[in-house]
Structure formats: C-alpha cells, structure tokens
Amino acid sequence: QVQLVESGGGLVQAGGSLRLSCAVSGMIRRLNVMGWYRQAPGQQRELVAIITPGGSADYADSVKGRFTIARDSAKNTGYLQMNSLKPEDTAVYYCNARGIAGHLPPYRDFEVWGQGTLVTVSS
C-alpha cells in the first residue's frame with residue numbers, strides 16, 4: 001500500500017512565501033511523475049506543476065516564475081516552493097504521485113492523492 005502525506009499550508013500575506021511538502025511511503029518500486037494541483041472554492045481542480053523523475057518540470061501559466069517544483073528521489077518527497085503569493089493563489093493544494101508498487105513481482109501501477117493542504121493568501 002502506498003500513502004502520501006502533505007504538509008506546509010497556512011495563512012500568508014500577499015507577496016509572501018510558503019513551501020509545501022509531499023512525502024510518499026509504502027512499497028514503492030519506482031516513483032514516476034509527481035504533481036501539485038489546487039482547487040479554489042467553487043472552482044475545478046487545476047494542475048499547478050508537475051515534475052518527472054529526471055527533474056523536468058512544467059507549470060501552469062498563472063504560477064510560472066513564482067512557483068518551483070522539486071523532488072528528492074532518495075526520500076520519495078516532493079516540494080512546491082511558492083513565492084510572491086497572490087490572493088488568487090488561495091486554494092486547497094493537493095499532491096499527486098504515480099509510480100510502480102511492490103517489492104516482488106507482480107508489480108502494480110499506483111496513483112495516490114494527498115488529503116489536501118489549505119493555502120490562504122490575504123491581501
């Protein structure tokens with residue numbers, strides 16, 4: 001079984017910074033793409049950033065230049081550094097991870113979501 005735990009949300013003033021963390025644990029054979037999504041009240045969940053095992057990253061246009069996604073493959077942990085935060089960044093942020101689970105064959109694909117962490121940016 002694979003689990004994912006997020007941390008790091010909170011309340012910050014506009015222009016401030018927060019760092020979110022996402023720890024994946026369990027019988028992980030390989031951790032593939034990790035991503036951060038967010039959902040604001042009354043809005044659909046949207047992709048914020050993704051990162052491949054090799055470190056290639058992609059971002060939503062709304063966060064480019066302000067957010068940075070990173071990962072520590074040795075710790076199976078992902079991060080989202082959020083700088084120059086704006087009130088419109090207020091949302092519940094979710095981490096997502098995909099990969100292959102199992103210590104012995106047969107291995108199986110997995111996809112897990114975190115419980116979500118609230119980020120509130122005040123003006």
Of the heavy-atom accessible surface of the range 13-123 (probe 1.4 angstrom), what whole percent is carbon and sulfur?
49 percent
Bridge orientation stat for the chain from DSSP, antiparallel percent rounded to 5, came to 90 percent
Sorted by accessible surface (1.4 Å probe, heavy atoms of the protein chains only), largest first, Asp72, Asp61 come out as Asp61, Asp72
Length released on extending from Gln44 to Leu104, taking residue separation times 0.36 nm less the Cα-Cα span
17.8 nm
Mean accessible surface per residue for the range 13-64, computed with a 1.4 Å probe while every protein chain stays in place, in Å²
56 Å²
Candidate residues Lys86, Lys64, Lys75: accessible-area rank, largest first, probe 1.4 Å:
Lys75, Lys64, Lys86
Let me have the relative contact order for the chain, percent, based on Cα pairs under 8 Å that are six or more residues apart.
36 percent
Compare Val24, Val5, Val33 by solvent-accessible area with a 1.4 Å probe and give them largest first, with all protein chains kept in place.
Val5, Val33, Val24
Give me the distance in nm between label points sitting 7 Å out from Cα along the Cα-to-Cβ direction at Ser73 and Glu111, one decimal.
2.3 nm
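The values are calculated or read from the model by the stated rules, or taken from the named source; none is laboratory data. Every value quoted in this text rests on a predicted model; they were computed, and no experiment measured them. Glycine also receives a Cβ, built like all others from the backbone with ideal geometry; neighbour counts cover every protein chain displayed. We work out accessible area using only protein heavy atoms, side chains counted, and drop any ligands, DNA or RNA first. Shrake-Rupley method; radii C 1.70, N 1.55, O 1.52, S 1.80 Å.
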